[in-house]
Amino acid sequence: MAEEEVLKFPKGDLEGVMAAHPHVGTWVHDFEKRYGSRPVYYGPLDRDARKMEPLNLIYITKEPIFVHIYQPPTGGDEVSQVLWFGLEPQLNDEEENFRRELIEILLQEAPAAPNFTTDEEFESILSGMIDRHTALDSEVRGLSRRQGRIWALLGMEDKRIVVRKEQRDRLRYTIIRDLVRNGALEPLLSDEMLEDIHSIGLKHVHMDHKVFGMVTSNIRFRERDLLSRYLRAMSERIGRPVSDNKPIIDGALLDGSRINIIFSDDVSMHGPSFTIRKFAEETISITQLVQWGTLSSQLAAYLWICLEFGMSVMVSGETASGKTTTLNAILPFIDHNVKIYTAEDTPEVKVKHKIWQRLVTRESKNEDSRVEMFDLLKAALRSRPRYIIIGEIRGVEGATAFQAMQTGHPVIATFHASSIVKMIQRFTGDPINVPIRFFDNLNFALFQEVVEAPGGGIARRVTGIDEIIGYNKHSDGVLTRGMFEWDPVRDKHYFRGMFQSHLLENKIAALMGFENKRDIYEEMNRRTEALQRMVDRDLTHYDDVFDLIGIYYSNGFDSFKSAIENWVGINHR
């Protein structure tokens, strides 16, 4: 949320919002007539909003898009479904005709339009073309007779579409939304409070909301042909075309959100469906996760030491537990002067290191042209990176990841398993089949879950960290030791590894130059205090955190600690 938007519409200023955005005013007036109640303007949403009674509020996402949250009252003890209404500019019949006419003109001019490389440039070009082909009615009324005679002498006429300013604004929003952004789903994808978006056939779209849980939207596709065309266009735009022959595809939208499309009626009995797992536009930092309680500053300090000295880790958990978010958040702990190699099916890992080799798999009907995860990992072994990062291990590439660890290449990856026992079982069973005696090449595993947040809603918590000590040939098993555990009653993380950490004492202490290997716990405490100070100073923007840790790698700990006290956060620059 831009700071100027927050200041423009302070909390409670519904009249100001309605005056600036007529579509919100129209919605509120219609809602009052129908339900007899008036929503309040909340501003940017936070978790305290769920305490409002009755639940009837409007919040801003990205201007001019707003969201109305409403929970209808019930007569008994039954809890009603929370409704989510996306409020965006709407075209009337006349304006819809203008839109079609403008689209026709824009398509005719497209071959001669300037080249562009980003969506922002494309939007700017479209906006300029819309301005050229529309005229404000106030401008037309102001034309002098002399100007009109000049047009006549030239044998020309002014072919611009005459509109009011608010009409031009609505046309600009709608055309850019449909040609550049996400079409009918733009209100959903603009709301950072949404996590998962579920659309099944022609039913109303449902979403997992960070504050209100599962909500039902006012958005749905009314015709199956329209839905099919939309999904075809979206799949082609992300480079993974869907068809009746290939009805299931996975991909990533331009904002990094993951999408799964099930296209064919033969497969999806209620009609074409899709699920979008949204990702925050800004990468979440490690200090933000500490502030949210996902992990503790002490746990973060442990991760910092391990990643600085090349330990391999699996970030593991069930679906939607926040694995990729945590993986991205811990990457600044890797030395900023080394090469990072990422291999993914869909690009989700975000790296700020200067030397970043980013590779993704490629699908193809031609087997010789196909590039699979296994191929990317084989190539990684030849490119000499400091760290190999795998977006997600699902199959046989897991064995290659362990081969990379054996050859001295540290690996960070996400994996689906809720405990160390289940993780070992999955890796050593079909289809991955890592020999159990190879398991001590992995140094530790972090486990994460979705839990009920204190006060309601959902939250993510790191529930534990287990170190891999080694393979025990007598029991034909893997020795592990728990380092951290989460207490769900107190919502607190406890370090159980004091004077017991195999990694810190036996692998890292000597690399750090400690004669007494237990001095490493003092180093961990020192980093814990520094990270907690960053949290206390609200230094949670990802770029700030990356740059501050970069000072540590460039100038040492004292400079890093001093920079924390003197840093001006990016949100206040």
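The values are calculated or read from the model by the stated rules, or taken from the named source; none is laboratory data. Remember, it's a predicted structure, so these values are computed and weren't measured experimentally. Cβ coordinates were reconstructed from backbone atoms using ideal geometry, including for glycine residues, and neighbour counts include every protein chain displayed. Heavy atoms of the whole protein, side chains included, go into the accessibility calculation; ligands, DNA and RNA do not. Shrake-Rupley method; radii C 1.70, N 1.55, O 1.52, S 1.80 Å.
What length, rounded to one decimal in nm, is gained on full extension from residue 437 through to residue 117, with 0.36 nm per residue of separation minus their alpha-carbon distance? Display every interim value, and only then the final one.
On the way: separation 320, 0.36 × 320 = 115.20 nm, distance 4.96 nm.
Full-extension gain reported as 110.2 nm.
Can you tell which of 298, 21, 552 lies farthest toward the positive end of the dipole of the chain, using +1 and -1 charges on the Cβ of basic and acidic side chains (Lys, Arg; Asp, Glu)? About the Cα centre, the residue reaching furthest to the positive side is 552.
Multiplying the sequence separation of residue 255 and residue 198 by 0.36 nm and subtracting their Cα-Cα distance, what value in nm do you get? Mind dumping the intermediate values first?
Details: separation 57, 0.36 × 57 = 20.52 nm, distance 1.75 nm.
That works out to 18.8 nm of additional length.
Over the Cα atoms of region 452-573, each weighted equally, I'd like the Debye log10 I(q)/I(0) at q = 0.19, 0.22, 0.23 Å⁻¹, rounded to two decimals. Rounded to two decimals, the profile gives -1.18, -1.24, -1.25. Mean sequence separation of contacting Cα pairs (under 8 Å, at least six apart), scaled by the length of the chain, corresponds to a relative contact order of 9 percent. Computed from Cα positions, the angle between helix 397-406 and the longest principal axis of the chain comes to roughly 50 degrees.
Just so you know, the Rg over Rh for region 161-213 is 1.13, from Cα atoms, with Rh as the Kirkwood radius. For the listed residue pairs 350/507; 210/422; 473/507; 51/210; 210/278; 62/278, the alpha carbons are over 18 angstrom apart in 350/507; 210/422; 473/507. Backbone N atoms of region 414-452 closer than 15 Å to the 7 Å Cα→Cβ label point of residue 485 belong to residues 419-421, 447.
Can you give the convex hull volume per residue for the Cα atoms of region 440-504, as a whole number of Å³?
98
Selection among 92, 70, 313 by position relative to the dipole of the chain gives 313 as farthest towards the positive end (Cβ unit charges, Cα centre).
Using the per-residue mean of other Cβ atoms lying within 10 Å as a proxy for protection, in what order, highest first, do the peptides 301-308, 469-476 fall? All intermediate terms of the calculation are to be shown ahead of the outcome.
Values: 301-308: 22.5, 469-476: 11.2.
Peptide ranking by packing, descending: 301-308, 469-476.
Spacing of the modelled spin labels on residue 320 and residue 356, each 7 Å from Cα toward Cβ, amounts to 2.7 nm.
Summarising the label geometry, the points placed 7 Å from Cα in the beta-carbon direction at residue 476 and residue 500 lie 2.9 nm from one another.
Across 219, 200, the residue with the most accessible area heads the list, and the full order at a 1.4 Å probe is 200, 219. Each peptide in 90-103, 315-328 receives the mean, over its residues, of other Cβ atoms within 10 Å, and ordering these scores from highest gives 315-328, 90-103. Once the Cβ-Cβ distance of residue 34 and residue 281 is raised to the sixth power relative to R0 = 45 Å, the FRET efficiency obtained is 0.85.
Any idea of the accessible area per residue across the chain, 1.4 Å probe, to the nearest Å²? Provide the component values of the computation, followed by the final result.
Working: 28310 Å² over 573 residues.
Each residue of the chain exposes 49 Å² on average to a 1.4 Å probe.
Could you calculate the FRET efficiency of residue 425 with residue 565 from 1/(1 + (r/R0)^6), where r is the beta carbon distance between them and R0 is 56 Å, rounded to 0.05? The computed FRET efficiency comes out at 0.75. For the chain, a simple Cβ point-charge model (Lys and Arg +1, Asp and Glu -1, everything else neutral) yields a dipole of about 640 debye relative to the Cα centre.
Along the axis of the charge dipole computed for the chain (Cβ charges of +1 for Lys and Arg, -1 for Asp and Glu, origin at the Cα centre), the listed residues 218, 442, 122 are led at the positive end by 442.
For q values of 0.09 Å⁻¹, compute log₁₀ I(q)/I(0) with the Debye formula on a Cα-only model of the chain, without solvent. Debye output, listed in q order: -0.83. Taking label positions 7 Å along the Cα-Cβ direction at both residue 26 and residue 338, the computed distance is 5.7 nm, reported to one decimal. Compared with the dominant Cα axis of the chain, that is its longest principal axis, helix 297-308 is turned about 80°.
In units of the compact-protein estimate 2.2 N^0.38 Å, region 468-513 shows a Cα radius of gyration of 1.48. Taking Cα atoms only, the orientation of helix 93-109 departs from the longest principal axis of the chain by about 70 degrees.
Surface listing: 567, 356 arranged by accessible area from highest to lowest gives 356, 567, probe 1.4 Å.
How much length is gained if the chain between residue 74 and residue 525 is pulled fully straight, taking 0.36 nm per residue apart and subtracting their Cα-Cα distance, in nm to one decimal? Provide the component values of the computation, followed by the final result.
Values: separation 451, 0.36 × 451 = 162.36 nm, distance 5.27 nm.
Length gained between residue 74 and residue 525: 157.1 nm.
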